[in-house]
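Notes follow once the structure below has been shown.
Read-outs throughout are calculated quantities, based only on the coordinates presented, and are distinct from any laboratory measurement. Fair warning: this is a prediction, and the values are worked out from it, not measured in the lab. Glycine gets a Cβ as well: all are built from the backbone with ideal geometry, and neighbour counts include every protein chain shown.
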Amino acid sequence: MAGKKQCVVPVRLPEDLLRKLIVMSEKEGRSLNNEFAMLARNAVAYHERAKGGLDSRAAAAVDLTPYYEEI
């Protein structure tokens, strides 16, 4: 992902789910952030397989300004 801007997406989760995600990420040898990214990639791939591809032009047009990480 070198050269790509990093985005921040706040997520609200119940404590029990967060605890399970932390345990899962530790078992997989990933940081919690990398676990979320992997789960998101898998969800998008599944959606594209099951329901067809997503429009790349529509995705490129989404305004990410509110999600850019402040440096």
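Derived scalar couplings between HN and Hα for region 15-29 equal 4, 5, 5, 4, 4, 5, 5, 5, 4, 4, 5, 5, 5, 8, x Hz in order, rounded to whole Hz, by the Karplus curve 6.51 cos²θ - 1.76 cosθ + 1.60 (θ = phi - 60°), x for Gly and Pro. The angle between the Cα long axis of helix 32-51 and the longest principal axis of the Cα atoms of the chain comes to about 50 degrees, rounded to the nearest 10. From the coordinates of this entry, mean projected area of the Cα convex hull in nm² is computed, and it appears in (1) 6.7; (2) 5.2; (3) 5.6 under the label (1). Of Tyr46, Tyr68, Ser25, which is farthest along the charge dipole of the chain in the positive direction, counting Lys and Arg as +1 and Asp and Glu as -1 at C-beta? Result: Tyr46, furthest along the dipole toward the positive end.
Do the sum for the chain: with -39,500 (n - 2.57) for every DSSP H run of n ≥ 4, divided by all residues, what is the mean residue ellipticity at 222 nm, to the nearest 500 deg cm²/dmol?
After summing the helix terms and dividing by residue count, I get -17000 deg cm²/dmol.
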